[in-house]
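Taking it in order: structure first as structure tokens, then the write-up.
The values are calculated or read from the model by the stated rules, or taken from the named source; none is laboratory data. Since this is a predicted model, take the numbers as computed values, not measurements. Every residue, glycine as well, gets a Cβ built from its backbone with ideal geometry; the counts of neighbours run over all protein chains shown.
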């Protein structure tokens, strides 16, 4: 090869290498300040907004059975898991003392009633004595009036000298006797009336005592009845911690008594869940819910509807605290199951998914595409910036921030009510880019791997 050819080849190689290097430098300078990102389209689709919450299965109605009387359990014809009906015998306590109290009260009442019968006979006798005394008075008054007339007539005769003084004294003696007889009859009447008053007063006291004895008997029978505990409702015994021979303790003041058993009406089953305070505003009575019970298997779901929404927050122990505690984050929501499974048991853990909203064929974007930016306040007198929610659209390689108005939120997408169309291409990721990208930034779309 001649020297000339070698020089030509060497020059060509230098030109090629220089061109390649120049192109690389051009591409490098061109890509300076360009943000690489992922993009997506605004689409129309059906969205379902849900709220998930954890809780446990509970019967709609359950009763903790405790005793109103202290005593030893001598009979308990039921076991945990038994189905009982209202009025069925659950527990019988030792009742020797209460039975003795009932018999004593009955005996005292019977004695008081017998005494009343004797009082009635005495009262009748006293009233007859009053009537007899009144009859004697009337008879004595008649005799005295007749004797007075005879005395007055004979006194005139004595003055005229027609009868002797001895004869006159006889008529006067007869009159004096009738006065004495009348006074005696009045005395007898007063005694009879006093006796009647005494008998009536005794009868009233006995009547009061009878009322007291009746009340004592009712009290004794009530105490005796508390030694027999019956079921207040139809249901299943779900908890039975006591055995025959143990002592049932009565609750006093702030100290609860012995919980003898729990009866639950399993005809209506609920899922009681705790909903976060950020989601509770979307939950309403009547909304449909899907319940997953871990014990029944991961693929089995039960349907229900929200029947109760708590108005006050729960503390960590699950009790209402009126929203005063800083730790209050959850609200109680009760979901009534439409067709509860027979395999359900109170206390089973569950997860509820409540459907709070549905929307058909609405504009939507991935949730991660939504971001927030700060802008100067239009009111120049206010230095505090305002925040706007929006997305970045891509047009001619430039990212532009568009404020949007959102609607319901689905599992991965969110409804756009205002601000975008289906023609818009939007920035969807990655997160670091969405967090830092600026308006009017130059961008390059990278396909997802």
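Points worth noting:
- Test: residue in segment 389-411 that is at pLDDT 90 or above, within 47 Å of the chain's Cα centre (by Cα) and in a helix (DSSP H, G or I): no
- Among residues of segment 275-295 that are outside the structural domain of residue 305 (by TED's automatic domain parsing) and within 13 Å of residue 309 (Cα to Cα), none has a Cβ under 7 angstrom from a residue that is modelled with pLDDT under 95 and surrounded by 12 or more Cβ atoms within 10 Å (Cβ to Cβ) at a sequence gap of 6+ or on a separate chain.
- Test: residue in segment 350-365 that is within 30 Å of residue 404 (Cβ to Cβ), touching a residue at least 60 places away in the same chain (Cβ under 8 Å), assigned to a helix (DSSP H, G or I) and touching a helix residue (DSSP H, G or I) at 6+ places or on another chain (Cβ under 8 Å): no
- Segment 412-429 - residue that is surrounded by 14 or more Cβ atoms within 10 Å (Cβ to Cβ) and touching a helix residue (DSSP H, G or I) at 6+ places or on another chain (Cβ under 8 Å) and, of those, farthest from residue 372 (Cα to Cα): 413
- Any hit, segment 372-386, residues being touching a strand residue (DSSP E or B) at 6+ places or on another chain (Cβ under 9 Å), surrounded by 17 or more Cβ atoms within 10 Å (Cβ to Cβ) and farther than 29 Å from residue 277 by Cβ: no
- Filter result for residue 238 (within 16 Å of residue 69 (Cβ to Cβ) and in contact with a strand residue (DSSP E or B) (Cβ under 6 Å, 6 or more places away or on another chain)): no
- Segment 431-449, residues that are part of a loop (DSSP other than H, G, I, E, B) and closer than 30 Å to residue 356 by Cβ: none
- Among the residues making up segment 107-149, a single one is out of contact with any helix residue (DSSP H, G or I) (no Cβ under 6 Å at 6 or more places or on another chain) and within 28 Å of residue 74 (Cβ to Cβ): 107.
- Only a single criterion out of (1) assigned to a strand (DSSP E or B); (2) out of contact with any helix residue (DSSP H, G or I) (no Cβ under 6 Å at 6 or more places or on another chain); (3) within 22 Å of residue 55 (Cα to Cα) is not satisfied by residue 374, namely (3).
- Tallying residues that are touching a residue at least 60 places away in the same chain (Cβ under 8 Å) and in a helix (DSSP H, G or I) within segment 199-234 yields 17.
- So residue 206, is it within 25 Å of residue 102 (Cα to Cα) and either surrounded by fewer than 13 Cβ atoms within 10 Å (Cβ to Cβ) or in contact with a helix residue (DSSP H, G or I) (Cβ under 7 Å, 6 or more places away or on another chain) (or both): yes
- Filtering segment 112-120 for residues that are surrounded by fewer than 15 Cβ atoms within 10 Å (Cβ to Cβ), more than 17 Å from residue 209 (Cα to Cα) and either at pLDDT below 85 or in contact with a strand residue (DSSP E or B) (Cβ under 7 Å, 6 or more places away or on another chain) (or both) leaves an empty set.
- Test result for residue 243, surrounded by fewer than 16 Cβ atoms within 10 Å (Cβ to Cβ) and either at pLDDT below 90 or over 30 Å from residue 73 (Cβ atoms) (or both): no
- Residue 27 vs. criteria modelled with pLDDT of 85 or more and farther than 30 Å from residue 269 by Cα: no
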